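To start, the structure under review is shown below, and the notes come after it.
Bear in mind that the values in this text are calculations on the coordinates, not laboratory data. Source: prediction; values computed, not measured. Here Cβ is always computed from backbone atoms with ideal geometry, including for glycine, and neighbour counts include all displayed protein chains.
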Amino acid sequence: MRPSTLRPRRQLFVCTNQRVAEDPLRSGCGAEGPRVFLALKTATLRRGLTRDLWITATGCLGHCPDKGCAVAVHPENRHLVEVTIEDVNEVLHLAADRSQDPPR
Ligand code: FES
């Protein structure tokens with residue numbers, strides 16, 4: 001094992017977990033998560049931010065909102081819920097805001 005030399009400024013984890021509708025934990029983010037993930041990936045690519053901002057699909061983040069999906073922004077450990085496709089530009093703006101950068 002060795003530490004990687006690649007390190008994003010921020011990494012967004014987008015929940016794409018999908019459960020069956022009858023699941024006692026509800027259906028999860030699967031309905032909206034993949035759409036939000038793809039939109040964030042596409043927007044990041046178009047804006048030339050792929051080196052600094054990584055978009056990663058993930059499983060359940062523990063929030064399981066009734067609508068939309070959950071997104072975690074690291075290294076701030078900021079968690080957003082009920083994120084929909086309409087929120088993608090705002091999420092990207094928040095993640096690309098360098099004034100919130102932690103010291104490196
Ligand atoms: S299913 Fe997305 S946070 Fe739990």
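Roughly how big is the chain's charge dipole about its Cα centre, with Cβ charges of +1 (Lys, Arg) and -1 (Asp, Glu), in debye to the nearest 20? Intermediate results must be reported in sequence, preceding the final value.
On the way: 15 positive and 12 negative charges, 136 e Å.
For this selection, approximately 660 debye.
Restricting the calculation to Cα positions, tell me the Rg (one decimal) and the Dmax (whole number) of the range 15-97 in Å.
Just the Cα atoms of the range 15-97 yield Rg and Dmax of 12.6, 41 Å.
Where both residues lie in the chain, what percent of DSSP beta bridges are antiparallel, nearest 5? All intermediate terms of the calculation are to be shown ahead of the outcome.
On the way: 8 of 14 bridges.
Close to 55 percent.
Run lengths n ≥ 4 of DSSP H only: what is the helix-derived mean residue ellipticity at 222 nm for the chain, with -39500 (n - 2.57) per run over all residues, to the nearest 500? Can you show the working numbers first?
Details: 2 runs with 23 residues, N = 104.
When only DSSP H runs of four or more count, the value is -7000 deg cm²/dmol.
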